[in-house]
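The values are calculated or read from the model by the stated rules, or taken from the named source; none is laboratory data. Keep in mind that this is a model prediction, so the values were computed, not measured. A quick note on method: Cβ atoms are made from the backbone with ideal geometry, for glycine too, and the neighbour counts reach across all protein chains shown.
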Amino acid sequence: MGSVLAASSPSPPPPPSAAGSASPGVTMPPGFGMPPVPPAAPPTGSGAGKEQRAESLLPNPGAFDECHRKCKEVFPMQMEGVRLVVNKGLSNHFQVNHSLLLSTTGDSSYRFGATFVGSKQTGPAEFFPVMVGDMDNSGSLNSQIIHQISSRIRSKVAFQTQQQKFVNWQGDAEFRGEDFTAMVTFGNPDVLAGSGIIITHYLQSITPSLALGGELVYHRRPGEEGSVLSLVGRYTASDFIATLTLGSAGAHASYYHKANEQLQVGVEFEASSRMQDSSASFGYQLDVPKANLQFKGSVDSNWVVGATLEKKLLPLPLSLVLCAFLNHQKNKFQCGFGITIG
Amino acid sequence: MSESNVKKGSLSRATEWISSIYRFATDRNDFRRNLVVNLGLFATGVWVARNLSDFDLMSPQPVT
């Protein structure tokens, strides 16, 4: 059960049916760690030797998609209606979940999900292959398969259908070198129609704290093709991470700050040249492990104020989530209530 | 006479400049204006995060 839960949330985001899987009381946010600072070089070392030692101590910068993730995880997730999620581990490799959503604004739905985790262990909490899928009451399917092909290459295949029609299908392969990460993604390839999307990511550690990279998106369909280039820079320090993404489509800046064991703060700025719109957001996360409680709050420049409260009702295997979002500008209010069992 | 005209001219230019800044600052539909405002909010948020977030929730309450 523990290995299924741990492996069901690898680097790609978890499926929507696995709501409430984040546990309050985690003192160190998962995946957050100070890049190792190279020790002082010995005085008798040669120049080339020093350079080689410095180069070999550069850490792998991680995945490109994770650059802004630390900051985004601080913000509360908007939820509406009543949600009941039941997770049941049938073995160390297999878990099923049932999600019931009762909504006032949209359609209510029921989703059935299953997660299978293989026995190939590549890390402390990483097992492969991982197969995650869920289907709702209308027959729409979301699924993804993640597998570690070799020690450095990881691949993922994902499908999404709306009832019987495939709407999204993509495959990607990620290569993790000593101090760089490269990934190529093929989205909705259609050889017969001559359409598809190719996305390439590259992220390079320049220093133990600084990583620079880029993203190139090429899309093609009959009569039209284009490409978008974005550059990203990330600076990691002992208690903060600052990330900036600049591209022809716009800019995205995020700042994550770990104030202490209980408080994490995130600030985001997004601007889109196509939509001619920009926004700034401020969010924080409070962890009170003694109360098994986690509180997230946010406010942004569009006058939207939101908060979520998650509490584990120990010793029962229950987790309660309360959510409220208020849009002062549009005079709209949304609240949500959720229970996760298991 | 010419000095007063020069002063009036500079005063009117300053007035126009202030008016244009006021129109720029209050036009919520202007993308550049919103960009500048949101950049300022982002910088303020970063300053708040770095300087005003070091309180300890688990510290013992002061005895009154």
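Only one of the numbered conditions (1) closer than 23 Å to A:Gly113 by Cα; (2) surrounded by 15 or more Cβ atoms within 10 Å (Cβ to Cβ) is violated by A:Asn168, and that is (2).
Taking the criterion of being among the acidic types (Asp, Glu) and without any contact (Cβ under 8 Å) to a residue 12 or more places away in the chain, the only residue of segment A:62-115 that qualifies is A:Asp107.
When segment B:44-64 is filtered for residues that are at pLDDT 85 or above and either more than 12 Å from the chain's Cα centre (by Cα) or more than 9 Å from every other protein chain (Cβ to nearest Cβ) (or both), the ones remaining, listed by number, are B:Gly45, B:Val46, B:Trp47, B:Val48, B:Ala49, B:Arg50, B:Asn51. Can you tell me which condition A:Phe269 does not meet? The list is (1) within 15 Å of B:Ala49 (Cα to Cα); (2) without any contact (Cβ under 8 Å) to a residue 12 or more places away in the chain; (3) in a strand (DSSP E or B), and all the others hold. Every listed condition holds for A:Phe269 apart from (2). If the condition is being touching a His at 6+ places or on another chain (Cβ under 7 Å) and in a loop (DSSP other than H, G, I, E, B), then segment A:201-250 contributes only A:Asp239. Restricting attention to segment A:239-261 and to residues that are of a type in the set (S, T, N, Q) and closer than 27 Å to A:Arg274 by Cα, the residue that is farthest from the other protein chains (Cβ to nearest Cβ) turns out to be A:Ser248. For segment A:125-141, give me each residue that is in contact with a Gly (Cβ under 8 Å, 6 or more places away or on another chain) and either hydroxyl-bearing (Ser, Thr, Tyr) or over 17 Å from A:Phe94 (Cα atoms) (or both). Once the filter is applied, which keeps residues that are in contact with a Gly (Cβ under 8 Å, 6 or more places away or on another chain) and either hydroxyl-bearing (Ser, Thr, Tyr) or over 17 Å from A:Phe94 (Cα atoms) (or both), segment A:125-141 yields only A:Leu141. Of B:Asn29, B:Asn38, all but one fail to be surrounded by 10 or more Cβ atoms within 10 Å (Cβ to Cβ) and either within 14 Å of another protein chain (Cβ to nearest Cβ) or free of Cβ contacts under 8 Å to residues at least 40 places away in the same chain (or both); the exception is B:Asn38.
For segment B:1-49, filtered to residues that are among the acidic types (Asp, Glu) and assigned to a helix (DSSP H, G or I), the residue that is nearest to A:Ser278 (Cα to Cα) is B:Glu16. For A:Leu192, the requirement of being more than 9 Å from chain B (Cβ to nearest Cβ), farther than 25 Å from A:Leu57 by Cβ and not in a strand (DSSP E or B) is met.
Here B:Arg28, B:Arg50, B:Arg33, B:Arg13 are screened, and the one residue that is charged (D, E, K, R) and farther than 30 Å from A:Tyr256 by Cα is B:Arg13. Go through A:Glu310, A:Glu268, A:Glu261 for me and flag whichever is charged (D, E, K, R) and closer than 26 Å to B:Phe31 by Cα. After ruling out the rest, the residue left standing is A:Glu268. Taken over segment A:71-125, residues that are of a type in the set (D, E, K, R) and either buried (at least 18 other Cβ atoms within 10 Å of the Cβ) or in a loop (DSSP other than H, G, I, E, B) (or both) amount to 5. Name every residue in segment A:132-153 that is surrounded by 17 or more Cβ atoms within 10 Å (Cβ to Cβ), farther than 14 Å from A:Thr115 by Cα and without any contact (Cβ under 8 Å) to a residue 24 or more places away in the chain, in order of residue number. The one that is surrounded by 17 or more Cβ atoms within 10 Å (Cβ to Cβ), farther than 14 Å from A:Thr115 by Cα and without any contact (Cβ under 8 Å) to a residue 24 or more places away in the chain: A:Ser140.
Filter segment A:287-302 for residues that are closer than 16 Å to A:Asn260 by Cα and at the interface with another protein chain (Cβ under 10 Å from one of its Cβ atoms) and give the result. Of everything in segment A:287-302, those that are closer than 16 Å to A:Asn260 by Cα and at the interface with another protein chain (Cβ under 10 Å from one of its Cβ atoms) turn out to be A:Asp287, A:Val288, A:Pro289, A:Lys290. Take the conditions exposed (fewer than 14 other Cβ atoms within 10 Å of the Cβ) and either modelled with pLDDT under 95 or hydrophobic (A, V, I, L, M, F, W, C) (or both) and apply them to A:Leu192. Does it pass? So A:Leu192 passes the test. Taken over segment A:87-116, the criterion of being of a type in the set (Val, Ile, Thr) and at pLDDT 95 or above is satisfied by A:Val96, A:Thr115. Among the residues of segment A:321-331, are any surrounded by fewer than 17 Cβ atoms within 10 Å (Cβ to Cβ), within 14 Å of chain B (Cβ to nearest Cβ) and at positive phi? No: segment A:321-331 contains no residue that is surrounded by fewer than 17 Cβ atoms within 10 Å (Cβ to Cβ), within 14 Å of chain B (Cβ to nearest Cβ) and at positive phi.
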